1. For region 10-175, place one equal point scatterer on every Cα, skip the solvent, and apply the Debye formula. What is log10 of I(q)/I(0) at q = 0.15, 0.16 Å⁻¹?
2. Among 10, 18, what is the fewest-to-most ranking by other Cβ atoms within 10 Å?
3. Loop-only GluC sites (Glu not before Pro) in region 53-103, please: DSSP not H, G, I, E or B, and at most 13 other Cβ atoms within 10 Å.
4. Once the other residues with Cβ under 13 Å from the Cβ of residue 20 are scored (Lys, Arg +1; Asp, Glu -1), what is the net sum?
5. Using unit Cβ charges (K, R positive; D, E negative) and no other charged atoms, how large, in debye to the nearest 20, is the dipole of the chain about its Cα centre?
6. Using only the Cα atoms of region 1-98, build the gyration tensor, take square roots of its eigenvalues as a ≥ b ≥ c, and label the shape rounded, prolate or oblate: rounded if a/c is under 1.5, else prolate if a/b is larger than b/c, else oblate.
7. Under a 5 Å amide H to amide H cut-off, with H placed in plane at 1.01 Å, what residues pair with residue 128 once short-range neighbours are removed?
8. Which trypsin sites (Lys or Arg not before Pro) in region 122-180 sit in a loop by DSSP (not H, G, I, E or B) and have at most 11 other Cβ atoms within 10 Å of their own Cβ?
Amino acid sequence: MEKLNDDIHEWAMLPVNELVFSQDLLDLCKTNTCGNYNKSWTCPPVCETMEEQRNKIQSYKTVFVFTTKHDIEDSFDYEGMSRAGEFHSKLTIEVKEKLDIQTNSDNLIFAAGSCPVCKNETGKPCAFPEPCRHPDKKIGSIEAAGINVTELSKAAKIAYNNGANTVTFFSMVLLNSRQV
């Protein structure tokens, strides 16, 4: 099988049953810390409940977790973090497309924050509350699914923090096989 992408910093495969779900993350979503609460089809309160998402996730066998690491000027470099997030989002979309072709199936994908597809495809924010423009390409939110990324990084043996003046983004693709 061909290599997925040279831009992936770290990756791992693990059984889906090693994912840790936390209601605390959804409670944090309700405070609108990221600004996407009730503004995206993949974020609360309109996305599937944590239980619905957990049931769907646990119907898969394996999770492929990957990260990108980006150098930034300092911990206040919002522009650098935004560019890094956009890069990671585009890579996430590319990885899903390659995995769908290589595994001959439609794999479920999640990334940090709300779905980036509309912004990447059209330059516009999510169509919410209008119907989703790209339901076949939609990327779920790891946090809105209630998945604890810190615990995910431990289970996958992937660094959550890659040092000063860096930002790391996580994505995960659910697979029904162990081939990547």
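1. Cα-only, vacuum Debye calculation for region 10-175: -0.83, -0.96.
2. Lowest count first: 18, 10.
3. 73
4. -2
5. It comes to approximately 380 debye.
6. Values: a/c = 1.95, a/b = 1.08, b/c = 1.81.
In terms of gyration-tensor shape, oblate.
7. 41
8. In loop regions of region 122-180 (DSSP not H, G, I, E or B), the sparsely surrounded trypsin sites (Lys or Arg not before Pro) are 157, 178.
Throughout, read-outs are computed from the coordinates displayed, never taken from laboratory work. Values in this document were obtained by computation on a predicted structure and should not be read as measured data. Every residue, glycine as well, gets a Cβ built from its backbone with ideal geometry; the counts of neighbours run over all protein chains shown.
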